[in-house]
There are 2 protein chains.
Amino acid sequence: MSASFLFDLDGTLVDTVYQHVEAWRQALTADAIQVPLWQIHRHVGMTGDLMLTALARELDLRFTDGQLDRVKQQHEAIYQQLTTDIQLLPGAKELLASLTDRRVAWAIATSGERASVQGSLDRLGVPDGVPVITGDRIEAAKPEPDIFIAAAEALHMPVAEAFVVGDSIWDLLAAQRAGALGIGLLTGGYGADELRGASAHRIYADPSDLLRHLHELGIAE
Amino acid sequence: MSASFLFDLDGTLVDTVYQHVEAWRQALTADAIQVPLWQIHRHVGMTGDLMLTALARELDLRFTDGQLDRVKQQHEAIYQQLTTDIQLLPGAKELLASLTDRRVAWAIATSGERASVQGSLDRLGVPDGVPVITGDRIEAAKPEPDIFIAAAEALHMPVAEAFVVGDSIWDLLAAQRAGALGIGLLTGGYGADELRGASAHRIYADPSDLLRHLHELGIAE
């Protein structure tokens, strides 16, 4: 068995989900669109396009093309303002370093665009040579499996033996569709049952809790 | 049976939980205190004092008295900036109006202070004569039962026959301690199992979903 780890980024390794919610709120409000915030929260982790499509369907809204583009650009600008100082989630850096030390392969697979995730990668100190698959490189977004399949390919590892670590049900649903096992973290603000309902293999509070329990995934000391 | 409804405010009738999270984040960051945001989210609904005590214990932080006061004042100021335009949750106004039409007694019971909740009460159009119990009037905050007991007393109704409607586990735990039945709403961003784990009698998506199912609580047409 050659296990590898494919990490989501926002809400999994860096504490940015709530700033995404706030940025979407401000962007939508600026366009006079009103959406309950818990429903925005539950769609973070999708690409912006897919999230807005989902909200439009669930809330019976209609966006014009011009509105969609405006709201997405606004979100991006406001998000950058809100995240001048990106905070790591507890244990994120230590978890990645520990995997590297143990020669366990890992990659990053995020719906975000390369330009907007660079700050998070810098804060994490992701070494050169670690594959980083971003939303702009992949046509099909989570919950489609493509992004995790591409990440496993970049590692030259079988996706069926990969652990996908994520904070949202979209990560876990995509993991299952890729044939990988999903590991849920509570750091994105989902409850444990929501992650379990999306077929989480195991659930941990945060990266440091996962690090303390790596043996449960068969990673030896 | 003389049922009454005791409503939490933030996250239950008005869509303000995520702005509270963002305001706490900015207030704590301004004081160089780093707290994962999902853990802030899970304590919204307590008073500021109790939340900061909880975070200090759970994260092994130490706040000085000066820091506590500064962070609370900052939170209040930032929250006011973020909520110049308070959004109602779907069906909130209609639910309250429907109860009034049916001559079902209801009250508001919130941990917030009177000054900071006035905007929400105005947006909801809470009529004169409806009791509004705020955190500054009650010594013991949720999850202690006092605020709901006081609200039932103000209605001259038995708290044991009251439905407490809230979005957070603190509302539901306080309801149980008051001997009332808790009705959980998903609008605060908790998952259904978290609400069920805090003894919710029933769970609905939002006020409009509760309004459509009032018969489940024995409220006749």
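Table for the structure above
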item	result
Using alpha-carbon coordinates, inclination of helix B:65-82 to the longest axis of chain B, degrees	60 degrees
Other copies of B:Arg70: label-to-label distances in nm, shortest first, labels 7 Å along the beta-carbon direction	4.1
FRET efficiency estimate (nearest 0.05) - Cβ-Cβ, A:Gln80 to B:Glu113, R0 35 angstrom	0.60
Cα-based Rg and Dmax for the protein assembly as shown, where Dmax is the largest Cα-Cα distance (Å)	22.3, 70
C-alpha long axis of helix A:17-30 to longest principal axis of chain A, angle in °	10 degrees
Partner chain coverage, peptide A:186-196 - average Cβ within 10 angstrom	5
Unit charges at the beta carbon, dipole of chain A: most positive-side option, A:Ser116, A:Leu172, A:Gln34	A:Leu172
Cα centroid separation, the range A:1-44 to the range B:155-185 (Å)	31 Å
Length gained when the stretch A:Asp128-A:Ala56 is fully extended (0.36 nm per residue, less Cα-Cα span)	22.0 nm
Burial ordering of B:Ile147, A:Ile219, A:Ile203, fewest other beta-carbon atoms within 10 Å first	A:Ile219, A:Ile203, B:Ile147
Qualifying GluC sites (Glu not before Pro) in the range B:94-147, DSSP loop, other Cβ atoms within 10 Å at most 16	B:Glu113, B:Glu139
Once the Cα gyration tensor of the range B:137-220 is diagonalised, semi-axes √(5λ) in Å	20, 16, 10
Residue mean of other protein chain beta carbons inside 10 Å, B:30-36	3
Set of lysines with alpha-carbon distance to B:Lys142 below 18 Å, sequence-local pairs under 8 removed	B:Lys72
Hypothetical label at B:His156: residues of the range B:117-137 whose amide nitrogen lies under 15 Å (7 Å Cα-Cβ projection)	B:129-131
Semi-axis lengths, Å, chain A, gyration tensor of Cα atoms, sqrt of 5 times eigenvalues	29, 17, 16
Chain A: calculated mean residue ellipticity at 222 nm from DSSP helix runs of at least 4, using -39500 (n - 2.57)	-13500 deg cm²/dmol
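Where a number appears in this text, it was derived from the coordinates with a stated rule and is not lab data. Please read these numbers as outputs of a predicted model, since none were measured by experiment. Virtual Cβ from ideal backbone geometry, glycine too; neighbours counted across all protein chains shown.
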